[in-house]
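Okay, structure first, notes after.
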Amino acid sequence: MNAIRRAFCTMAALAAATLTPASAQEWPARPIRIVVPYPAGGNADSAARALAEVVSASLRQTVIVDNRPGASTIIGTDAVARAPADGYTIGLVTDSHAINEAMAHLPHANEVLGAKVPYDAVKDFMPVSGVALVPLVLVVNPRVPARSVKELVRLSTAGKGVDFGTMGPGSPWFVHLHQLRKLTGADFVDVPYKGLAPANTDLLAGQIQTMLMPVHFAQPYIKTGKLVPLATLGGKRHPLLPDVPTLAESGYPGLEITNYFMFVVPAGTPQPVVERLTREFNAALRQPAMKEKFALTGDPYPAEPAELAARLRHDIKAYGDVLQATLK
C-alpha cells in the first residue's frame, strides 16, 4: 500500500478514536452499501441480498448491494478499501481475498490476477462477521470408473492423468487442486474455466472427469445420479451428504477445506459501529429462515471478528505456500 493510503488510514483511525458516544448512537443516519465483487445473481450476491434485507429492517435503514465484479475481485474490494471508514461501506470477501494477498508478493501476479493488488488484505480492512461457509465435495462424472478417492488416484496415475476442472490460476479451485495433488499423489490435469457453471456443464457432459464443487450446488446433481460424490473436504461429514465419507475417512488425512464468505469494513471504522454491525449480521445469520435463503449458497456462518482475522492470516500463509510452489 502506498504512503498516501497509509496516511489516510492513520487519519481514519485517529478519527475513530475520537468518536463520541453521541456520534455512534446517530449511526446509521443514511443508507449503507454492501459491495459485492461478483456479478448479480451469483451465490455471493444472493447471500448479501438476503442479509441486507434482514439487517435493513433491524437497523431501520436502507442497506443496498452494489455489485463491482472484475479482476479476481480486486476492483470491488479496492472500492471498499478506498471508501470512508464511517460504517456506511461494507465489503463481502471470499477465499479470493486471502489468495490475492498471497499472490501479490509473487512474480507475474498482475498477469495472473488481471490487475495489481493495491491494498493490504490485513491492514486495510477490519473483519465484521461471517456470511457463509461453503463446504466442498469431490465429484466425478458417472462414467468415470472410480467410486472412491483411492480409485480415482489410481486411475489418474495409471494413464495420462484425470482432467480436473478449476476456475484458473489464482482461484480457490486452482489452489485446492494442488493441495489435493500434493496430498494424494494424484495426476490431476488442470482444466481452467471462467466459472462454476461452464465447468459443471462440461463435467456433466463427460468433457472433464472430476472437480470440486460446493456441497449445496452439487447435491441436486448427486441426488439424481448425474454426479457421483467421492469425498467431502470438511472435518466431518456434511448433513446434506451423510453417506459420503470425508477425505480423512477416505485414507487421506491432513487436509480440511471449507471455503467462506465474510464481511469487512475499511480499516479505521469506529469500533462501536463495527460491534453493532457484528451483532446485527450474526443475529440475522442465526435466524432459522436464513438456512432456506442460503439453500444453494452454503451454511450460514455467524462469526466474530477475531476468529475471522485469524482465519484470514492462516489462509494467506497456507495459500501462499501452495502458490509459491506452483506459480513460478
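A few remarks follow.
- Residue match in the range 36-53 (condition: in a strand (DSSP E or B) and within 28 Å of Thr166 (Cβ to Cβ)): yes
- With respect to (1) of a type in the set (A, V, I, L, M, F, W, C); (2) under 17 Å from the mean Cα position of the chain (by Cα); (3) under 22 Å from Glu249 (Cα atoms), the lone exception for Phe217 is condition (3).
- Checking Asn2 against (1) surrounded by fewer than 13 Cβ atoms within 10 Å (Cβ to Cβ); (2) at pLDDT 95 or above; (3) under 24 Å from Leu312 (Cβ atoms); (4) of a type outside the set (A, V, I, L, M, F, W, C), the condition it does not meet: (2)
- Check on Asp243, at pLDDT below 95, among the charged types (D, E, K, R) and surrounded by fewer than 21 Cβ atoms within 10 Å (Cβ to Cβ): no
- Counting the residues of the range 98-132 that are charged (D, E, K, R), assigned to a helix (DSSP H, G or I) and over 12 Å from Leu312 (Cα atoms) gives 1.
- Whichever residue in the range 156-173 is under 17 Å from Met103 (Cα atoms) and free of Cβ contacts under 8 Å to residues at least 40 places away in the same chain and, among such residues, is nearest to the chain's Cα centre (by Cα): Trp173
- Number of residues in the range 186-209 that are crowded, with 18+ Cβ neighbours inside 10 Å, among the aliphatic types (A, V, I, L, M) and touching a residue at least 60 places away in the same chain (Cβ under 8 Å) equals 2.
- Subset tally (residues that are touching a Lys or Arg at 6+ places or on another chain (Cβ under 8 Å) and either among the hydroxyl-bearing types (Ser, Thr, Tyr) or assigned to a strand (DSSP E or B) (or both)) for the range 274-327: 2
- Just one residue in the set Arg60, Arg143, Arg147, Arg49 is at pLDDT 95 or above and either closer than 26 Å to Thr326 by Cβ or crowded, with 16+ Cβ neighbours inside 10 Å (or both); that residue is Arg49.
- When residues of the range 175-185 are limited to those that are surrounded by fewer than 23 Cβ atoms within 10 Å (Cβ to Cβ) and in contact with a strand residue (DSSP E or B) (Cβ under 9 Å, 6 or more places away or on another chain), the one nearest to Gly161 (Cα to Cα): Arg181
- Boolean, Val191 is hydrophobic (A, V, I, L, M, F, W, C) and either under 25 Å from Asn100 (Cα atoms) or outside the structural domain of Gly161 (by TED's automatic domain parsing) (or both): yes
- Residues that are of a type in the set (S, T, N, Q) and within 30 Å of Ala267 (Cβ to Cβ) do occur in the range 123-144.
- Selected residue [assigned to a helix (DSSP H, G or I) and either touching a residue at least 40 places away in the same chain (Cβ under 8 Å) or in the same structural domain as Ala104 (by TED's automatic domain parsing) (or both)] from Leu183, Leu212, Leu230: Leu183
The values are calculated or read from the model by the stated rules, or taken from the named source; none is laboratory data. All values derive from a computational prediction rather than experimental measurement. Glycine gets a Cβ as well: all are built from the backbone with ideal geometry, and neighbour counts include every protein chain shown.
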